[in-house]
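The values are calculated or read from the model by the stated rules, or taken from the named source; none is laboratory data. All of these numbers come straight from a predicted model, not from anything done at the bench. Note: accessible area is taken over every heavy atom of the protein model, side chains too, but ligands, DNA and RNA are not part of it. Shrake-Rupley method; radii C 1.70, N 1.55, O 1.52, S 1.80 Å.
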Amino acid sequence: MKIGIIGAGQLGQMLALSGIPYALRFHFLDSSAEAPGARVAPIVVGAFDDIQALRRLAREVDLVTYEFENVPVAALHEMAATRPCFPPVDALRVSQDRILEKELFGRLGIPTPPYRAVDSLTDLEAAVAALGLPCVLKTRRLGYDGRGQRVLRRKADVGPAWEALGGVPLILEGFVRFEREVSIIGARSTRGEMRAYPIVTNTHREGILRVTTAPTRDTRLQRAAEAHLRRVAEHFEYAGVLTIEFFVQDGRLVANEMAPRVHNSGHWTIEGAVTSQFENHLRAILGLPLGDTRPVGHAAMVNYIGTMPDRDRIMAVPGAHHHDYGKAPRAGRKLGHCTVVAPTAAARDELLKRIVRRVPR
C-alpha cells in the first residue's frame, strides 16, 4: 500500500515515519523538494493546485491524505475523483472558512463565541457595536498561528484593523476571557470506530503554540469535549484524526476552531501515549482497528520556534525527546519540539521547567 500525502512538512514526515512499521510506502506533493518529508519519501514538486502535479501523485499512490488545512478544496476534489481521499473533502472545506465552521458548531450544539461576518468597514463598525469591545477581527480563511488577526480594544483600533486586514472576507468574534486553552484529538476510522485522547492544556504566545501538557484530568470537560468531537466526526462521516481547540470559560468549553488533520498539540502522543496520533491517523484511513489512546504517564511538549536550542543541553535533561524538523531558522517558524514524560504531574512539571529554560524565547 502506498499513501500519498499532500504537504511534506513535519506533520507529513511524522505520518510517514509512523507507517514504516506497517511496511507502508509514501509519496508526497509539496512546493519544495527540501521539505522535511524528503528525508522519508519521494516528493512530487508542484503547487498544491497544480493539476498535473496532482495527477502525477495519484499515479504513484493508492490512497491520499493531507497534513494541513490550506490545501485548495478544488485540488482535493480532483484527487478524490481518482483515489480515496481522507479526511473527507467537505471537512476541509468547512474548516477553511471560520464562518462555515462556526455555523456548523452552532448546528451541532457546540458553544462558540458570538460572531459576525464582516465584508466592509460599515459591517465592521456595526459588528463592533453589536458585540462590544474588546473583540477579535480575523480573516475568514488562511489564518493560522496568530496570522490574520487583530484584537480591538477601543474604538480607535477599528480603522487600523480594517486597513490591515480589509479586502478579504473577515469575521469579528466576541472576546473570550478564558481560564485556559485546551484541545482534544480523536480518530475515527472508515469503519466508524472512534477513540479520543485526553484533553490537553495549551499555552500560546503571539498566537503560536508554545507548550502542551497532558493529560488535563477533568472528567466533566473530557466528557463534553468527546461529545463535541463525536458530533463533528459523525456529521462528516469522518475518517482520520480530527482536532478541536477550545477556550475554557467559566468552567465550560467554547469552541475556537477545528483542524481535520494531525495536530501540533498532539505531538506528545509520540512518546506519551500508547498509540501516537500519527499511527492512529494511518490506522483510521486504512480501516484498521484503532490503537489505545491512553497516556503512559504525564507528558509535556515544548515547541522550538524561530531558533533551535542547543541539542546537547536539551538531551541532558533526563527523559527528554528531541525532534529536529531540519528546517531553516526563521522568525515564528516551528523548527522542532521536545517532549518529556514522567510518572507524576509534579515530576513532569519539573522537567518542563528545565526544558523551557534551555529553549530560546
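For the chain, adding -39500 (n - 2.57) for each run of n ≥ 4 DSSP H residues and dividing by the number of residues yields -9000 deg cm²/dmol at 222 nm. Volume per residue of the convex hull around the Cα atoms, evaluated for the chain, comes out as 138 Å³. Taking only the C-alpha atoms of the range 252-329, Rg followed by Dmax gives 15.2, 42 Å. Within the range 221-287, the ratio Rg/Rh, alpha carbon atoms throughout and Rh by Kirkwood, equals 0.98. Extension gain for the segment ALA74 to ASP49, taken as residue separation times 0.36 nm less the Cα-Cα distance, is 8.2 nm to one decimal.
Distances longer than 16 Å among the Cα atoms of the range 76-116: what percent of all pairs is that? Summing the P(r) of the range 76-116 above 16 Å gives 46 percent of all pairs. Taking all protein chains in place and a 1.4 Å probe, what share, in percent, of the accessible surface of the chain do carbon and sulfur account for? For the chain, the apolar C and S fraction of the accessible surface comes to 49 percent. Over all directions, the projected convex hull of the C-alpha atoms in the range 14-154 averages 11.1 nm² in area.
A straight Cα-to-Cα reach below 27 Å connects LYS327 with the lysines LYS2, LYS353, residues fewer than 8 places away in its own chain not being considered.
Within the straight-line cut-off of under 14 Å between alpha carbons, the aspartates and glutamates reachable from LYS102 are GLU173, GLU245, GLU257, sequence neighbours fewer than 8 places apart in one chain being disregarded. For the range 1-48, pairs of C-alpha atoms spaced more than 18 angstrom apart make up 16 percent of the total. For the chain, the solvent-accessible area works out to 43 Å² per residue, with a probe of 1.4 Å and every protein chain left in place. Given springs between every Cα pair under 10 Å in a Gaussian network model of the chain, which of ARG83, ARG153, ARG261 has the largest fluctuation? The residue with the greatest mean-square fluctuation here is ARG153.
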